[in-house]
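Take a look at the structure below.
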Amino acid sequence: MHPQRLSLNELVTRLARLFQRVLGDDIPLDVVTMADLSAIEADTGMVEQVVLNLVVNAREAMPKGGRVTLLTLALDVDEAYRKRVPQARVGRWVGVQVRDTGEGIQPDVLPRIFEPFLNQANEANKSAGLGLAAVYSIVKQHQGWMQVESPAGEGARFTAWFPAIDPAPAPAPAAASQTTKGHETILVVEDKEAVRAILQAVLERQGYRALMATNGEEALALWSQHKEAIGLLFTDVVMPGGVTGRDLADRLRLERPSLKVVFCSGYGADIIGPEIMTVRNNRFLAKPFDIGRLAEVVRELLDAS
């Protein structure tokens, strides 16, 4: 973890456009932020992963369309509340909540919703969503807790609660991002649909043309069509289909040894192979990564001589 002062209001406002891309045209997103919300001390990339997983979970619960509402909340926990909710501690809490208008969660599943592998064990329960065990783990690591409610006929509400920290003095106006926008073509290889949508939105917002592939074989086909235009490969290291990110980079570099590559993985560079960092035209991003850092790394590598 790399904790820092973080505003949940700023986080959900900044990511709202990307989340709408993930949800699609048939599921509108409403964002409601609470005024004067206290900050939290948290790892930005991890909290982004929590909210993204909850948004994807909401989409999975509404295969025929619906509506998602993203809210920020505050809660003062007293001793009486703590007795009702053992996970809570007395004090000030702030949270981010994702609501959907889906069919809700089955009563027998609700108490077990954060168990690992629940979706695989109960394929009929699509509202179990993606990554809820990871969400639970990240929030607990931040000394918080998850709350889930599914009133009959009202969809589901997932709330991640984090301990609030004392308000800081009003900061000076933030300087505009110095990350230079680009125009180059980037080949992106990522097997998870939600992550692909975020990557494509971030890169296109920075001015790049993003060619999206779900595995190594698709990436090879795109390379054969657009090799002259592609300026950088962005690839996950571990992928299905028999062609890993490293295999893919090696094959493409047979045709263009100077190809620049950004590898990303949920495993650390020391596990996937520390030598990946010694190649001049390589960069590595550990998942989850801050989307601002993604833009910086891509630009730095493209500009490197």
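Here are some notes:
- Residues of region 1-25 classified as more than 24 Å from residue 76 (Cα to Cα), in contact (Cβ under 8 Å) with a residue 40 or more places away in the chain and charged (D, E, K, R), total: 2
- Top-ranked residue of region 22-43 - restricted to ones that are surrounded by 18 or more Cβ atoms within 10 Å (Cβ to Cβ) and modelled with pLDDT under 85, ranked as nearest to the chain's Cα centre (by Cα): 22
- Taken together, the criteria place residue 34 among residues that are outside any helix (DSSP H, G or I), closer than 16 Å to residue 164 by Cβ and in the same structural domain as residue 134 (by TED's automatic domain parsing).
- Matching residues, region 1-21, being over 14 Å from residue 197 (Cβ atoms) and within 14 Å of the chain's Cα centre (by Cα): 11, 12, 14
- Residue that is surrounded by the fewest Cβ atoms within 10 Å (Cβ to Cβ) [pool: residues in region 226-251 that are among the charged types (D, E, K, R) and more than 25 Å from the chain's Cα centre (by Cα)]: 228
- Qualifying residue in region 56-79 (condition: at pLDDT below 85, exposed (fewer than 14 other Cβ atoms within 10 Å of the Cβ) and either closer than 23 Å to residue 32 by Cβ or in contact with a Pro (Cβ under 7 Å, 6 or more places away or on another chain) (or both)): no
- Each residue in region 83-121 was checked for being modelled with pLDDT of 85 or more, surrounded by 13 or more Cβ atoms within 10 Å (Cβ to Cβ) and not in a loop (DSSP other than H, G, I, E, B), and 9 of them qualify.
- Within region 292-305, no residue that is under 14 Å from residue 14 (Cβ atoms) and in contact (Cβ under 8 Å) with a residue 40 or more places away in the chain sits with its Cβ atom under 7 Å from a residue that is crowded, with 18+ Cβ neighbours inside 10 Å and of a type in the set (Gly, Ala, Ser) at 6+ positions apart or across chains.
- Filter result for residue 225 (modelled with pLDDT of 90 or more and among the polar types (S, T, N, Q)): yes
- Among the residues making up region 139-163, a single one is of a type in the set (Val, Ile, Thr) and crowded, with 23+ Cβ neighbours inside 10 Å: 139.
- 3 or more residues at pLDDT 90 or above and β-branched (Val, Ile, Thr): qualifying strands (runs of 3 or more DSSP E) within region 128-212: 185-189
The values are calculated or read from the model by the stated rules, or taken from the named source; none is laboratory data. Predicted, not measured: the structure shown is a model, and the values here were computed from it. Cβ atoms come from the backbone with ideal geometry, glycine included; neighbour counts cover every protein chain shown.
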